[in-house]
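Asker: Structure provided below as structure tokens; questions to follow.
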Amino acid sequence: MSNEAARSVAVPREGGVLHTPGFVDGHIHPDKTTWGSGWLSRRPAPELRDLISNDLQAQLAYTDSVEERAYALMRNAVKSGTMAMRAHVDVGTQIGLKNVHGVRAAAERLAPYLQVQIVAFPQFGLLSNPGTLELMEASLGEGADLVGGIDPQSLDGDLHAHLDAVFGLARRHGRDLDIHLHDMGAGALAQLREIARRTVSEGMQGRVTIGHAFALCDTAEPDLPRTLDVMAEAGMWMATCALGADPVPVLDLLERHGVRVALGSDGVRDSWSPFGTGSMVDRMHLLGYRTGALTDAELERCLRLATTGGAELVGARDVLGFTGGNQHRVEFAAASGPELVVNRPEPLRVVRDGRTVQL
Ligand SMILES: [Zn+2]
């Protein structure tokens, strides 16, 4: 057996069946989805602000509840082998806490099969949307687990005030942080270094994640290596979603610098995108495709990020690995991990606590 095969998280069994650990979605937005509802026709959105404004209008027009739509998507994820997820859920004065309540209710219905972390996410602005900070704080007592943030400088208008607010909430309530950062370029890298500096000074090493972090995907930026180094020292995670035309990280580079990467779906069939299924089997295939995975080791890495890597992010490693005597696993018709990533079949069955999941 080669070293690569020895490191595989997938175990070939008799009869051409492959066992893998449970899958983990490290970044998904189940409150925004239309899954299980009618078709949503989307409007053009030249800029991020247009996407956000379309999102709010779409959400206000939905007739199916947050709980029903989120449940439909999360159920599909479970059937696809997902056993844990980190859900970014909108909190804002326009919608109050109903998205947090709806996703938490959906999660409770799926609790035997799915661990759900909810990030209170200020999609419509934090300090630029007065009243949101108070709602974020309230959400932490009503179903949200983590504190979220969004483009502190470009969208919210004040890097330091935004970071004071989110780090302050995290400190007061003892929660982890997960901040969306879409900004590109040297300015975005400077923001990441500031977040890393605060992470260390707050003693939050290993507990801060940056969603998307497109700035980390541009290898032409001279400040990239030192930014990756300070992020690694702060134990920060990057969550990528390998979406359509969005930049993807050079995984070898991040690995070399020690920045851990998680993988997620991002928005599924919402106003942001008509694509997505909530299946991490699909998502690891897209990551491999978008990053140009060629060797078995590169394909295996996609499987690892979608399973044990994500489990480490959400603190579910013991539950989802093989440490429990193979009580939790996903079974596929595949000969190996690399073949699984490329073929992306539906699971033959999903097993929790030794029993086949039936939904
Ligand atoms: Zn997101």
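The values are calculated or read from the model by the stated rules, or taken from the named source; none is laboratory data. This structure is a prediction, so every number in the text was calculated from the model and none was measured. Note that we place each Cβ from the backbone using ideal geometry, even for glycine, and neighbour counts take in every protein chain shown. What goes into the accessible areas is simple: the full protein's heavy atoms, side chains included, and nothing from ligands, DNA or RNA. Shrake-Rupley method; radii C 1.70, N 1.55, O 1.52, S 1.80 Å.
Asker: What does DSSP give for segment 207-359 in terms of the percent of beta bridges that are antiparallel, rounded to the nearest 5? Write out the running numbers ahead of the final one.
Answerer: Working: 6 of 13 bridges.
Of the beta bridges lying entirely in segment 207-359, close to 45 percent run antiparallel.
Asker: Tally Lys and Arg at +1 and Asp and Glu at -1 over the other residues with C-beta under 15 Å from the C-beta of GLN358: what net charge comes out?
Answerer: +3
Asker: I've got another one for you. If you roll a 1.4 Å probe over the heavy atoms of the protein chains, what accessible area per residue do you get for segment 3-356, in Å²?
Answerer: Heavy-atom SASA per residue in segment 3-356 reads 39 Å².
Asker: While we're looking at this one, here's another question. As an exercise, identify the GluC sites (Glu not before Pro) in segment 45-129 lying in DSSP coil whose Cβ has no more than 16 other Cβ atoms within 10 Å.
Answerer: GLU47
Asker: Which one of ALA196, ILE28, ALA333 has its Cα pushed farthest toward the positive end of the charge dipole of the chain, where Lys and Arg give +1 and Asp and Glu give -1 at the Cβ?
Answerer: ALA333
Asker: Stokes-Einstein at 10 °C, 1.306 mPa s, Kirkwood radius from Cα pairs: D for the chain in µm² s⁻¹?
Answerer: Working: Rh = 20.4 Å.
The Stokes-Einstein estimate is 78 µm²/s.
Asker: I've got another one for you. Keeping the other protein chains in place, figure out the carbon and sulfur percent of the accessible area of segment 3-356, with a 1.4 Å probe.
Answerer: Of the solvent-accessible surface of segment 3-356, carbon and sulfur hold 50 percent.
Asker: Out of every Cα pair in segment 1-122, what percent are spaced more than 17 Å from each other?
Answerer: Counting every Cα pair in segment 1-122, those more than 17 Å apart make up 63 percent.
Asker: Give the residue from LEU140, SER37, PHE214 lying farthest towards the positive end of the charge dipole for the chain; charges sit on Cβ (+1 for Lys and Arg, -1 for Asp and Glu) and the dipole is referred to the Cα centre.
Answerer: Farthest towards the positive pole: SER37.
Asker: Provide the per-residue ³J(HN,Hα) series for segment 143-155, in order, calculated from phi with Karplus coefficients 6.51, -1.76, 1.60 and θ = phi - 60°, each as a whole number of Hz, with x at glycine and proline positions.
Answerer: Running phi through 6.51 cos²θ - 1.76 cosθ + 1.60 with θ = phi - 60° gives x, 8, 9, 10, 9, x, x, 8, 4, x, 8, 6, 9 Hz.
Asker: When the helices in the chain are scored as -39500 (n - 2.57) per DSSP H run of 4 or longer and the sum is shared across all residues, what 222 nm value do you end up with, to the nearest 500 deg cm²/dmol? Walk me through the numbers on the way to the answer.
Answerer: On the way: 14 runs with 136 residues, N = 359.
Taken over the chain, the calculation gives -11000 deg cm²/dmol.
Asker: Another one. Dipole magnitude of the chain about its Cα centre, charges +1 at Lys/Arg Cβ and -1 at Asp/Glu Cβ only, in debye to the nearest 20?
Answerer: Computed about the Cα centre, the dipole is about 840 debye.
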